[in-house]
Every structure is written in structure tokens, then in C-alpha cells.
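For reference, the structure discussed in these notes is given below.
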Amino acid sequence: MTYPFPDGRLFVGGEWQSGTGPEITSTFAADGSENMTFASASRDDVLSAIDRARTAQADPAWRNLRPHERATYLYRIADGISANIERISWLQSRDTSKTRTEAHALAGSAAATFRYFGAVLETSDDLMTTPRGAYQSFSVHDSIGLVSAITPWNSPIASDAQKAAPALAAGNAVLLKPASWSPIISLELARIVEEAGLPKGLLSVLPGSGREVGNLLVEHPDIGKVSFTGGTSTGRHLAHLAAEKLMPISLELGGKSPTIVFEDCDEDLAIAGVLFGIFSSTGQSCIAGSRLFVQRSIYDRFVARLVEGAEALRVGNPFDAQTQVSSMVHADHRASVEGYVKAAREEGGEILTGGARPEGADYSQGAYYLPTIIAGLTNQAHTCREEIFGPVLVVMPFDDEDDVIAMANDSAYGLACGIWSRDHPKCWRLARAIRAGTVWINTFKQFSISTPFGGDGASGMGREKGREGLRAYQRQKSIYEDHSGRPHPWARWP
Ligand code: NAD
């Protein structure tokens, strides 16, 4: 079954209108065909969306809604996503070349995210604090106002939901800018939000250039918070812009996550986990386990089995239910990955498998790249220090716990880590010692919306998800009220 693409209009302040910016094209990179071309947002479109967002957010009908009433919008959006899950996952597979299985899971998680933040909103309490005098003191949480959500192309529906759900729950208006390579899903989300009856202006979807539309969504004086997911250099640039305004910004950035395999692991589990950790999503995942450390005593055997496993992975069209490793998102991105593999060869890396495009008619038009495993490099090599964001794994041996902690932490990034061992005290020691926002023990890429997620160092700052995820979109205000009726000692009337 196929579904129609959106009609190419943008969702500006609750109205569907043609963009007035340059054209952008969404392609199905698995065969190079075009999904759709349409006019992106211009500065004027953004200014108009901001204007309407300001009015909608200031309206007491939204601002003063009681939490359980506002939550009903989130539940309706969640229901809308669930009811359209086939359509959304089909569109997402066309837009990003993600496998249907993964696109389906992401759409399900987006619905769960809206539902979760509706529930968090209904059940989150303000504080009545302990007074030290004859007064009462409270700490309450207000909306911020206008929130810009800027998202990457790798998991659009999930990233969009992770920002829009808590931001709307907190009573803000949201200006969402998806990446130019994957504009379709956010427009589809806008359609669902509109059907859910969210008042006009509270959500705008503005596909457009990062430099123009993205920058404006950060610099504009009316924007009170930015939630960004994307590359580290873009995040650093936006953090500078936010600093000028002293505006809060949360940054979910890149990674170069270590996976650590000890000699006492369950090898079958570890091999499957390592393969999934790096090659699912064709490696285009911020949390991909792209640096693998294997204890020297099992290194040769484990790596040989891993190579065998990588070669058995089914590379193919995202719409084929058997496919495990699909096309990359765009031919330009594959070119970037190829550049990294070339550099790895020049650095002395030995390509154990992959390092090339798959051959055959099924692959010739798509942006496919074989699962690639590289050995013979040290942790200092560029290939081990820079995020490649593709199906490329570097393997290195280690001797003992201290050795591997030092190597794992010797990275600018601090997003995720995987540990494979049957020794639970050792796993816990490592989990506490490794610098990472998320550590997986004998698993990888498991997620729960109730568990906070984020990175340290070059992987960003701030956390999304979890009950505290709502607070990231609120201002906290403390209120004291004196009820003693006594004048302050300063006021001594004659
Ligand atoms: P990117 O930084 O190029 O773009 C991300 C978003 O920022 C896009 O919408 C883009 O248009 C916009 N943008 C680009 N330049 C901008 C500018 N000057 N001003 C404002 N906005 C601008 O990243 P990408 O290539 O789309 O995504 C891949 C990156 O995202 C990888 O580094 C990956 O690790 C990271 N990522 C991180 C997480 C996480 O949660 N930590 C999740 C997914 C992806």
C-alpha cells in the first residue's frame, strides 16, 4: 500500500500556505527517485509564524488551561499518530530510507511520547516549600512562551515528538524546523495536530535552510528557548547565539560511543548486540556504538565471528521486510561516509569487511553502503575520534578494566556506552566510570520515554524525556506570602 505525499504547503501559524523560500526536494535515496519538491520557508514565513505563535500563546484560552485540560490535546495527538501509524511509517521510510520496521517503531514511540507528557502534565505538582518565618512559600512552573525545535533527519517523527510534546504540555507555542533532507514527516505531524484541534498558531512547521530559517528561530528576540538535536558544530554555533540572548538551549548532539566486550560475556548476545548497536539505522544514529573495544584474550575469535555476522546482515530496500541495513539517507551523506573510510585506509586501517558499495542491480540506483569493520587503528586515529554517522565500526583490543575505561573516556563525546559481561559488579563499576549520558549493560539501544536521555561534552547538554523533561520547557517562579499581619521591623511609625 502506498500513501499520498503532503501537498507541499507549510503549516505557518496554523494555516496551510505555500512557502516563499527556495525549493527543497525530498528523495527516496534507496532508488534515487524524487518524493516531492516544494518551496521551503523564508524569513518572512518564519516571522509570520512567530507573530501568530505569540498571539496564540498569550491567549488565556491556552495559557490558563488547567493541566488536565491541556493534556487532552496531547492525548488526541497521540491517538492521531496511532491511527495513522501505517501512513506515517510509510512516509518516513520514503523520506529517510529507514526500514519499515524501524519507521513503525519510531512512529509508535512518537505516539507514546505525546501520551506520556500528557500524563506527566496531569500528575506533576508544584512545590509548597518549608517556610522559615510567618509566611508561605511556593515554587510554581510557568510556560516559557515560544520554543524553537530544530531537528535532524535521522529519526524525524521521534525527534519532533520528543520536543513538541513536552513543549506544548508546558503551555508553550512551538516552531518546528525539520532538516531539509526529511521535511515530510513533520508536515504530516502538523496535519495530525490540526485534526486534534490544537488552537491555531501553537504549532508551525517550517522546513527550510539551517542557516536562514534555523538561525532566525534562535536569534529572534521573541524565542524564549531552543531545543536542538543535530551535529556538534551546528550545536556549538547555536549555543553562541543563545548565549548572546542569555536564552536556555538544550543540545542533543553527536556521539562516538564505545562498546566494551569482556572475555566473560555471553558472546552470542554480545555479537548480536554489537551488530545491532552499530549497523541498525545504517549507522545513522547518534548513539551508534561506533568504537568497539574487545578484551585481548577473545579478540581474534570475537572479531572473526563479528565479521561473519556483519556479512550475513541483509542489506536491501527499506520496504523489504527482510532488510536489516537499508540505504543511507542521501547520496551526499554516503559520499561523506566514503570519505571517512578512505581516510581510515590512509591512516593504516585494515578493512575487515565492507568498505564499499554493494554490487548488483538492486543497489545501483540507491545510496547503499556495506556494513564496514575496520581494525588496526588506535583510539587516536581520526576514524576513532570523529563521528562518521554511517555503518562503520572500528575495533580495538584492550587488556583490563583500567585500560578500557581510559580509552573509552578518551573522546570529546559522551553520549552512550555499551558493556557486555557476566560480571555484574564490574559492569556497575564501568557504568559509573564511563562518561556517557546513557550506559547499556548487556543490551544496546533500549529506550524508555520515562528515562532521561542526553549527552555530555561534545554530545550536548540538557536532558530530554522522563518527568523532568517537562521542566526543560518551563520557567520556575518562587512566591512568598506573609500572613503574620505584622509590619516589618524597618517600619517603625512614630
Ligand atoms: P545538522 O546539525 O546538520 O542539522 C540539524 C538541524 O539543524 C537541521 O534541521 C538543520 O537544518 C539545522 N541547522 C543546520 N545549520 C543550522 C544553523 N546554522 N542554524 C540553525 N539551524 C541549523 O545535523 P544533521 O546532519 O541533520 O543530523 C545528524 C547529526 O545529528 C549527527 O551529528 C547526530 O549525531 C546528531 N543527532 C543527535 C541526536 C541526539 O539525541 N544526541 C539524535 C539524532 C541525531
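The values are calculated or read from the model by the stated rules, or taken from the named source; none is laboratory data. These figures come from a predicted structure and were not determined experimentally. Note that we place each Cβ from the backbone using ideal geometry, even for glycine, and neighbour counts take in every protein chain shown. Ligands, DNA and RNA are excluded from the accessible area calculation, which covers all protein heavy atoms including side chains. Shrake-Rupley method; radii C 1.70, N 1.55, O 1.52, S 1.80 Å.
Look at (1) in contact (Cβ under 8 Å) with a residue 24 or more places away in the chain; (2) within 14 Å of the ligand (Cβ to nearest atom) and you find that Ile192 fails only one, number (2). Applying the set (1) over 30 Å from Glu401 (Cβ atoms); (2) assigned to a loop (DSSP other than H, G, I, E, B) to Asp332 leaves exactly one unmet item: (2). For region 273-296, the count of residues that are out of contact with any helix residue (DSSP H, G or I) (no Cβ under 7 Å at 6 or more places or on another chain), assigned to a helix (DSSP H, G or I) and without any contact (Cβ under 8 Å) to a residue 60 or more places away in the chain is zero. Of the residues making up region 26-56, just one is open to solvent by 60 Å² or more (accessible area, probe 1.4 Å) and β-branched (Val, Ile, Thr), namely Thr55. Met247 fulfils the conditions (1) open to solvent by less than 40 Å² (accessible area, probe 1.4 Å); (2) over 16 Å from the mean Cα position of the chain (by Cα); (3) hydrophobic (A, V, I, L, M, F, W, C); (4) outside the structural domain of Leu146 (by TED's automatic domain parsing) except for a single criterion, (4). Tallying residues that are more than 15 Å from the ligand (Cβ to nearest atom) and within 21 Å of the chain's Cα centre (by Cα) within region 276-294 yields 2. Of all residues being more than 6 Å from the ligand (Cβ to nearest atom) and free of Cβ contacts under 8 Å to residues at least 40 places away in the same chain in region 226-238, which is farthest from Pro452 (Cα to Cα)? Just the residue, please. Step by step, filter region 226-238, then rank; the result is Ser233. One residue stands out among those in region 326-336 that are over 20 Å from the mean Cα position of the chain (by Cα) and not small (Gly, Ala, Ser): the one that is least open to solvent (accessible area, probe 1.4 Å), which is Arg334. Within region 344-362, none of the residues are open to solvent by less than 10 Å² (accessible area, probe 1.4 Å), modelled with pLDDT of 95 or more and either within 30 Å of Gln162 (Cβ to Cβ) or outside any helix (DSSP H, G or I) (or both).
Let's see how each residue does on (1) outside the structural domain of Ala367 (by TED's automatic domain parsing); (2) assigned to a strand (DSSP E or B); (3) free of Cβ contacts under 8 Å to residues at least 60 places away in the same chain:
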residue: Val394; (1), (2), (3): no, yes, no
residue: Asp402; (1), (2), (3): no, no, yes
residue: Ala406; (1), (2), (3): no, no, yes
residue: Cys417; (1), (2), (3): no, yes, no
residue: Arg432; (1), (2), (3): no, no, yes
residue: Thr451; (1), (2), (3): yes, no, yes
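Please verify whether Ala381 is within 14 Å of the ligand (Cβ to nearest atom), in contact (Cβ under 8 Å) with a residue 12 or more places away in the chain and open to solvent by less than 60 Å² (accessible area, probe 1.4 Å), treating the condition exactly as stated. The answer is no for Ala381.
When Arg422 is tested against (1) surrounded by fewer than 16 Cβ atoms within 10 Å (Cβ to Cβ); (2) charged (D, E, K, R); (3) within 15 Å of the ligand (Cβ to nearest atom), only condition (3) is not met. Inspect all residues belonging to region 245-258 and state whether any of them is more than 26 Å from Ala433 (Cα to Cα) and outside any loop (DSSP other than H, G, I, E, B). Within region 245-258 (the criterion being more than 26 Å from Ala433 (Cα to Cα) and outside any loop (DSSP other than H, G, I, E, B)), the answer is yes, since at least one residue qualifies. Return yes or no: is Thr20 more than 20 Å from Ser326 (Cα to Cα) and in a helix (DSSP H, G or I)? So Thr20 fails the test. Residues that are part of a strand (DSSP E or B), out of contact with any Asp or Glu (no Cβ under 6 Å at 6 or more places or on another chain) and more than 30 Å from His483 (Cα to Cα) were ranked within region 138-175; the one that is farthest from the ligand (Cβ to nearest atom) is Ala173. Checking each residue in region 212-223 for being more than 11 Å from the ligand (Cβ to nearest atom) and either in contact with a Ser or Thr (Cβ under 9 Å, 6 or more places away or on another chain) or without any contact (Cβ under 8 Å) to a residue 60 or more places away in the chain (or both) picks out His220, Pro221, Ile223.
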